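**Student:** Please find one structure pasted underneath; my questions will follow.
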Amino acid sequence: MSNSSLISILKKQITASPDQQITFADYMKTVLYYPEVGYYTSKSNKIGKQGDFFTSSSLGADFGELLAIQFLEMWKILDKSSEFTLIEMGAGTGVLASDILNYLKKNYFDFYQSLNYIIIETSSELIKQQQEQLAHHSKISWKSWEDLETNSIVGCFFSNELVDAFPVHQVIVESGKLKEIYVTLSDSENFQEKIDNLSTSELEKYFKLIDVDILSQNYPDGYRTEVNLAALKWLETISQKLKQGYLLTIDYGYPAQKYYHPQRYQGTLKCYYQHRHHDNPYINIGQQDITAHVDFTALEKHGKLCGLEKLGFTQQGLFLMALGLGDRLSSLSSGQYNLQTILSRRDALHQLLDPTGLGGFGVLVQFKELTKEQKERALTGLKQQ
């Protein structure tokens, strides 16, 4: 069932636009983020067994606890900064923040005491859920980007499955030219796609940034894909706010050469509804997630342009193994757990490692203003086994 008020809003946006059309990015932004009625801003349950998808933090506390170990090391590398700030961008229901803070409070109280934990969240409904989940922690606050002063943060910005949900432009190769997909209305008032000239020259610049010639003869006519310009703006904002420290991005995606491979001629856009995925963003409006894979090459290259240098890139499975997930698997046979606990935890840990699933997610670590010595102190999560 689609959301009738959201459909009405979209139709008004289309009819109010000069050419009676909006970019797919604007369509996706409205569907996912329009206040109170968008997919992420409404009251429906989205994450976990009862929702449309699950994340690494849905599988128990291990993911958050292993991330906490990495954040502890960052704090030490930054000379145990008394102003170390963790900023989680897009915190879901708050479970990941809770797992991180609970673990640090119990095991590394000195770090916990010096920690300032901030959540940046656009959904007021999710903020309510996060505040309920985290009511027992005084170390946490909610802020907007505007609340953060320029060059004020020492610490680490991080996100888990955030960038894939940014609104993307859709582009298509037509008769040797790069065109854009727009959303308009048919005579029967249904949403339909239209191909037209690019809405912005930034789309052409994007392919120069990642060094992909999408108009070469290797790409078939009708080749269609996505461009995440919002991710580039996001990097610029983080770089403006970060004085010294790290950016940790965990998400599913590819390097540019794999993302924009000629054989991936329909792009990566997917819709998720009740744990099933399909390719039609024009049904279940406001009731389904819409995502696209992350181009990690674009994050690396644009990050460097705005002062965020690449420290390392790895897969989630390798990252978590380096931080001790293997030891956690081994401990299950120590005799201290009952069989049901052993089986459920082993299954959860294996899912975090599965190279065809969560374990194959990309983990990109970037930094700003580290000293030579700090850069040379490799992060444990980036050490290959």
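The values are calculated or read from the model by the stated rules, or taken from the named source; none is laboratory data. In this text the structure is predicted, and so the values were computed from the model without any measurement. All Cβ positions, even for glycine, are placed from backbone atoms using ideal geometry, and neighbour counts span all protein chains on display. Note: areas computed on protein heavy atoms with side chains; ligands, DNA, RNA excluded. Shrake-Rupley method; radii C 1.70, N 1.55, O 1.52, S 1.80 Å.
**Student:** Give me the strands (runs of 3 or more DSSP E) completely within the stretch 277-385, filtered to those with at least 1 residues that are more than 30 Å from Met28 (Cα to Cα) and open to solvent by 40 Å² or more (accessible area, probe 1.4 Å), ordered by residue number.
**Tutor:** Once the strands (runs of 3 or more DSSP E) in the stretch 277-385 are filtered for at least 1 residues that are more than 30 Å from Met28 (Cα to Cα) and open to solvent by 40 Å² or more (accessible area, probe 1.4 Å), what remains is 309-315.
**Student:** Mind counting the residues in the stretch 149-175 that are farther than 24 Å from Leu311 by Cα and in contact with a Lys or Arg (Cβ under 6 Å, 6 or more places away or on another chain)?
**Tutor:** Of the residues in the stretch 149-175, 2 are farther than 24 Å from Leu311 by Cα and in contact with a Lys or Arg (Cβ under 6 Å, 6 or more places away or on another chain).
**Student:** Scan the stretch 63-118 residue by residue and report those that are open to solvent by 10 Å² or more (accessible area, probe 1.4 Å), in a helix (DSSP H, G or I) and among the polar types (S, T, N, Q).
**Tutor:** Answer for the stretch 63-118, where residues must be open to solvent by 10 Å² or more (accessible area, probe 1.4 Å), in a helix (DSSP H, G or I) and among the polar types (S, T, N, Q): Asn102, Asn107, Gln113, Ser114.
**Student:** To continue, here is another question. Within the stretch 176-210, take every residue that is of a type in the set (S, T, N, Q) and part of a strand (DSSP E or B) and give me the one that is most open to solvent (accessible area, probe 1.4 Å).
**Tutor:** Gln192
**Student:** With respect to Val37, is the statement that it is in contact (Cβ under 8 Å) with a residue 40 or more places away in the chain and either under 25 Å from Phe109 (Cα atoms) or open to solvent by 10 Å² or more (accessible area, probe 1.4 Å) (or both) true?
**Tutor:** It is true that Val37 is in contact (Cβ under 8 Å) with a residue 40 or more places away in the chain and either under 25 Å from Phe109 (Cα atoms) or open to solvent by 10 Å² or more (accessible area, probe 1.4 Å) (or both).
Matching residues to (1) in contact with a Lys or Arg (Cβ under 9 Å, 6 or more places away or on another chain); (2) within 21 Å of Phe361 (Cβ to Cβ):
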position	(1), (2)
Tyr260	no, yes
Gln263	no, no
Gln287	no, no
Ile290	yes, yes
His302	no, yes
Leu308	yes, yes
Leu311	yes, yes
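**Student:** Report yes if Lys29 is in contact (Cβ under 8 Å) with a residue 40 or more places away in the chain, open to solvent by 40 Å² or more (accessible area, probe 1.4 Å) and not in a loop (DSSP other than H, G, I, E, B), otherwise no.
**Tutor:** Considered against the rule, which asks whether it is in contact (Cβ under 8 Å) with a residue 40 or more places away in the chain, open to solvent by 40 Å² or more (accessible area, probe 1.4 Å) and not in a loop (DSSP other than H, G, I, E, B), Lys29 comes out as yes.
**Student:** Further, regarding this structure: Taking the stated definitions as given, is Leu353 aliphatic (A, V, I, L, M), out of contact with any Gly (no Cβ under 8 Å at 6 or more places or on another chain) and closer than 16 Å to Gly60 by Cβ?
**Tutor:** Answer is no for this residue.
**Student:** I need the full set of residues from the stretch 127-142 which are of a type in the set (Gly, Ala, Ser) and either within 17 Å of the chain's Cα centre (by Cα) or open to solvent by less than 70 Å² (accessible area, probe 1.4 Å) (or both), in order please.
**Tutor:** Ser141
**Student:** In addition: Does any residue of the stretch 145-157 turn out to be surrounded by fewer than 20 Cβ atoms within 10 Å (Cβ to Cβ) and without any contact (Cβ under 8 Å) to a residue 40 or more places away in the chain?
**Tutor:** Yes - at least one qualifying residue is present in the stretch 145-157.
**Student:** Considering only the stretch 251-260, I want to know if a residue exists there that is of a type in the set (Asp, Glu), modelled with pLDDT of 95 or more, within 15 Å of the chain's Cα centre (by Cα) and assigned to a strand (DSSP E or B).
**Tutor:** yes
**Student:** Now for a separate question. Would you tally the residues in the stretch 244-276 being open to solvent by 40 Å² or more (accessible area, probe 1.4 Å), more than 30 Å from Lys368 (Cα to Cα) and either among the polar types (S, T, N, Q) or touching a helix residue (DSSP H, G or I) at 6+ places or on another chain (Cβ under 6 Å) (or both)?
**Tutor:** The number of residues fulfilling the criteria is 3.
**Student:** Can you name the condition, by its number, that Ser124 falls short on among (1) touching a Pro at 6+ places or on another chain (Cβ under 9 Å); (2) crowded, with 22+ Cβ neighbours inside 10 Å?
**Tutor:** If we test Ser124 against (1) touching a Pro at 6+ places or on another chain (Cβ under 9 Å); (2) crowded, with 22+ Cβ neighbours inside 10 Å, just (2) comes out false.
**Student:** So the check is Cβ under 7 Å with 6+ separation or different chains; which pairs have a first residue in the stretch 61-74 that's under 18 Å from Val154 (Cα atoms) and a second one that's open to solvent by 10 Å² or more (accessible area, probe 1.4 Å) and not in a helix (DSSP H, G or I)?
**Tutor:** Sorted first by the residue in the stretch 61-74, then by its partner, the pairs are Ile69/Leu323; Ile69/Gly324; Gln70/Leu323; Leu72/Tyr108.
**Student:** If you check every pair at least six apart or on different chains, which have Cβ atoms under 6 Å apart with a residue in the stretch 302-316 that is under 10 Å from Gly381 (Cα atoms) first and a residue that is assigned to a helix (DSSP H, G or I) and open to solvent by less than 10 Å² (accessible area, probe 1.4 Å) second?
**Tutor:** Gln316/Gly359
**Student:** Looking at Gln257, Gln217, can you tell me which residue is over 25 Å from Trp145 (Cα atoms) and without any contact (Cβ under 8 Å) to a residue 40 or more places away in the chain?
**Tutor:** Going through Gln257, Gln217 in turn, the sole match is Gln217.
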